[in-house]
Amino acid sequence: MTFLELAEKVLQEENKPLTSNEIWAIGVKKNYDKELNTEGKTPWATLGAQIYVNSKDNPKSLFGKTDSRPKKFYLKSQIGKINLEDSSITEEILVPKKKKFDFLEKDLHKYLSYYAYYHLHCYTKTINHSVSSKKEFGEWVHPDMVGCYFSMEDWKKEVYDLSSAMGNTSLKLYSFELKRELNFANLRESFFQCVSNSSWANESFLVASQISENEDFRDELGRLCTSFGIGVIKLNIEDPHSTEILIPSKFKDLIDWETVNKLTMNNDFKEFIDTVKTDLTSKKIHKKEYDLVEEIEKLKMKP
């Protein structure tokens, strides 16, 4: 069945003028859309366009259109049998809107955990905002995820022991703020949320799966990152290994311990701090206390 055939069938059965959206909705209700040979993402728009073009200045067209707004269509063979002045709408027509994203922000966490583990050699932990005491602090306090790099996994035991004896534990704390998308519309809010939530760590990153390539946007993003030392990661959920650091984070030697103390109002963050301390003391990383790093096969499935 073609779009025009679907329209003809619906108009014939309904026997009254209909808008293209009404025609499509009725066709879907009667499962006529299943007979269409189309892979388009907005078939209702295609239907409307085809009827309009077909009926416009085409004496051979089966379709006529009213002068009313919204425009309605009818079959010319029905003239004299239907009321062309009827402007009533039989039912509320809800045309489905194309979803901009088919995943939530929280779905990105597992992809970042995977990338951080294999490329930053970092163990991450998701911070659940709902377990914080909202009486103490307002919004823009918690990072979405935190992480820790332990040099004990890369250094020789003798070197690590000497470093520890000299008071240099050589760990690196990370903080991440995640967004589904970064563009001019949300740049400043997202960026300063990251500064507020994450600047306590050795390295802090703003992470997004979609980042505008607009030249002016990239210039402004780069300027902000240079000013505040924040890095930017473009997360690739199709292939996590292709995730890239667009802008490196500026490494800070000193941890902001006052902010760390404030963040312990969140139980997840408190557990993260306790786990890092335990791992350093025992010289053993308790991987089960951090976010699960899923297999790549599972990650390549839809979020």
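Readers should treat all values here as calculations from the given coordinates under stated rules, not as data from a laboratory. Source: prediction; values computed, not measured. Cβ atoms come from the backbone with ideal geometry, glycine included; neighbour counts cover every protein chain shown.
Along segment 241-255 the Karplus relation, 6.51 cos²θ - 1.76 cosθ + 1.60 evaluated at θ = phi - 60°, assigns HN-Hα couplings of 5, 8, 4, 9, 8, 6, 9, x, 7, 7, 6, 10, 5, 9, 7 Hz to successive residues, with x for each Gly and Pro. Estimated from the Cβ-Cβ distance and a Förster radius of 22 angstrom, the FRET efficiency linking ASN128 and ASP102 is about 0.40. Once backbone amide H atoms are built at 1.01 Å from N, LEU182 has GLN210, ILE211, SER212 as its partners under 5 Å, excluding neighbours fewer than 5 places away on the same chain.
Between ASP161, ASP256, ASP67, the residue with the greatest mean-square fluctuation in the GNM of the chain (Cα pairs under 10 Å linked by springs) is ASP67. In whole Å, how far is the Cα centre of segment 212-283 from that of segment 35-76? Taking the Cα centre of each part, segment 212-283 and segment 35-76 sit 53 Å apart. Of all DSSP-defined beta bridges confined to the chain, some 55% are antiparallel rather than parallel. From the residues GLN50, PRO17, TYR111, which one has its Cα farthest along the dipole of the chain in the positive direction, the dipole being from +1 and -1 charges on Cβ of Lys/Arg and Asp/Glu about the Cα centre? It is PRO17.
The C-alpha atoms of the chain define a longest principal axis, and helix 43-55 lies at about 30 degrees to it.
Using a 10 angstrom cutoff on alpha carbons, build the Gaussian network for the chain and name the most mobile of TRP44, TRP200, TRP257. In this elastic network of the chain, the residue with the biggest mean-square fluctuation among TRP44, TRP200, TRP257 is TRP44.
FRET efficiency for the pair GLU35 and ASP239, taken as 1/(1 + (r/R0)^6) with r the Cβ-Cβ distance and R0 = 30 Å, rounds to 0.25. Between the Cα long axis of helix 187-198 and the first principal axis of the chain there is an angle of about 30°, rounded to the nearest 10. Taking a straight Cα-Cα cut-off under 20 Å and skipping sequence neighbours fewer than 8 places away in the same chain, the lysines within cross-link reach of LYS9 are LYS29, LYS30, LYS34, LYS56, LYS60, LYS65, LYS71, LYS72, LYS76, LYS81. Computed from backbone phi, the HN-Hα couplings of segment 284-292 come to 9, 8, 8, 4, 5, 7, 9, 4, 5 Hz, rounded to whole numbers (Karplus: 6.51 cos²θ - 1.76 cosθ + 1.60, θ = phi - 60°; Gly and Pro given as x). Against the chain, whose longest principal axis is taken from its Cα atoms, helix 3-14 shows a tilt of about 60°. Taking amide H atoms as placed 1.01 Å from N in the peptide plane, the amide H of LEU246 lies under 5 Å from those of VAL232, ILE233, LYS234, each 5 or more residues away in sequence or on another chain. Please list, or write none, the aspartates and glutamates whose alpha carbon is within less than 20 Å of the alpha carbon of LYS270, excluding same-chain residues fewer than 8 places away. Straight-line reach from LYS270, under 20 Å: GLU136, GLU139, ASP144, GLU177, GLU203, ASP256, GLU258, ASP279, GLU289, ASP291.
Dividing the helix sum by the residues of the chain, where each DSSP H run of 4 or more adds -39500 (n - 2.57), gives a mean residue ellipticity at 222 nm of -10500 deg cm²/dmol.
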